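The next block holds one structure in the form of structure tokens; read it before the comments.
All of the numbers you see were taken from the coordinates with simple rules; none came from a lab. Keep in mind that what you see is a predicted model, and the values were worked out from it rather than measured. Don't worry about glycine lacking a Cβ; one is built from the backbone with ideal geometry, like all the others, and counts go over all protein chains shown.
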Amino acid sequence: MSNANVTILEMQPSDYHDMYELWRSTPGIGLSNADTKENLEKFLDRNKGLSFVCKHEDRLIGTVLCGHDGRRGYIYHAAVAEAYRGKGIGRSLIEKSLEKLKAEGINKCHLFVIADNTSGHHFWTSVGWYKRDDILVYSKDL
Ligand SMILES: CC(C)(COP(=O)(O)OP(=O)(O)OC[C@H]1O[C@@H](n2cnc3c(N)ncnc32)[C@H](O)[C@@H]1OP(=O)(O)O)[C@@H](O)C(=O)NCCC(=O)NCCS
């Protein structure tokens, strides 16, 4: 892989098909009805310029979804295709989103990691995030 052919670009609705394939084939990424094309388009529209993809030539090889509610930022679906891992792509994607959050005045970001995703935990620790032991996540279906 030549770095010259690897680019990080703002995520577009037209990336949906390739992103969904990457997420579907990546253990550690949990999919739900929030991930339909229609719902993803709404998310991107509400959170313009915060989510990114990485492409090697025309192939989509990485994603990060990012949004905020005016108070805290949230990151979802950080994924890099297996053959491209360990080259700093995940870190670069996260940095891009955090830079944009900061520019919007958001000074803290949260994310959810599936409890048994050990390599996910290692990644987040390596890129400077800390695990909370003082908070539990509660959810309700509407
Ligand atoms: C997590 C993921 C996005 C990391 O992407 P990546 O491009 O391989 O990560 P990077 O190369 O940018 O790594 C950044 C740092 O994390 C470390 N790291 C990455 N994966 C790691 C792992 N499995 N175990 C230990 N450390 C890891 C790297 O060593 C690097 O640290 P360093 O700079 O100190 O050397 C990728 O492994 C992935 O898609 N995993 C499956 C999906 C997933 O679990 N996503 C997280 C969901 S919450």
Residue that is acidic (Asp, Glu), within 12 Å of the ligand (Cβ to nearest atom) and exposed (fewer than 14 other Cβ atoms within 10 Å of the Cβ), where the choices are Glu95, Glu57, Glu82, Glu99: Glu82
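How many of the residues in segment 30-54 are touching a Cys at 6+ places or on another chain (Cβ under 7 Å) and surrounded by fewer than 13 Cβ atoms within 10 Å (Cβ to Cβ)?
Looking only at that region, the number is 0.
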Would you tally the residues in segment 67-88 being within 27 Å of Gly105 (Cβ to Cβ) and out of contact with any helix residue (DSSP H, G or I) (no Cβ under 7 Å at 6 or more places or on another chain)? 6
Under 7 Å between Cβ atoms, at least 6 apart or on separate chains: pull out the pairs that start in segment 20-33 with a residue that is within 10 Å of the ligand (Cβ to nearest atom) and end on any residue that is part of a loop (DSSP other than H, G, I, E, B). Leu22/Ala81; Trp23/Ile29; Trp23/Leu31; Gly28/Ile114; Gly28/Asn117; Gly30/Ile114
Residue check: is Ile61 part of a strand (DSSP E or B) and within 20 Å of Ser126 (Cβ to Cβ)? yes
Run down Asn47, Asn3 and say which single residue is in contact (Cβ under 8 Å) with a residue 12 or more places away in the chain and polar (S, T, N, Q). Asn47
If we ask which residues in segment 102-128 are more than 7 Å from the ligand (Cβ to nearest atom) and among the polar types (S, T, N, Q), their number turns out to be 3
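Among the candidates Ile29, Ile94, Ile8, which residue alone is assigned to a helix (DSSP H, G or I), in contact with a strand residue (DSSP E or B) (Cβ under 9 Å, 6 or more places away or on another chain) and of a type outside the set (Asp, Glu)? Talk me through it step by step, then tell me what you get.
Values: Ile29 fails: assigned to a helix (DSSP H, G or I); Ile8 fails: assigned to a helix (DSSP H, G or I).
Sole residue among the options that is assigned to a helix (DSSP H, G or I), in contact with a strand residue (DSSP E or B) (Cβ under 9 Å, 6 or more places away or on another chain) and of a type outside the set (Asp, Glu): Ile94.
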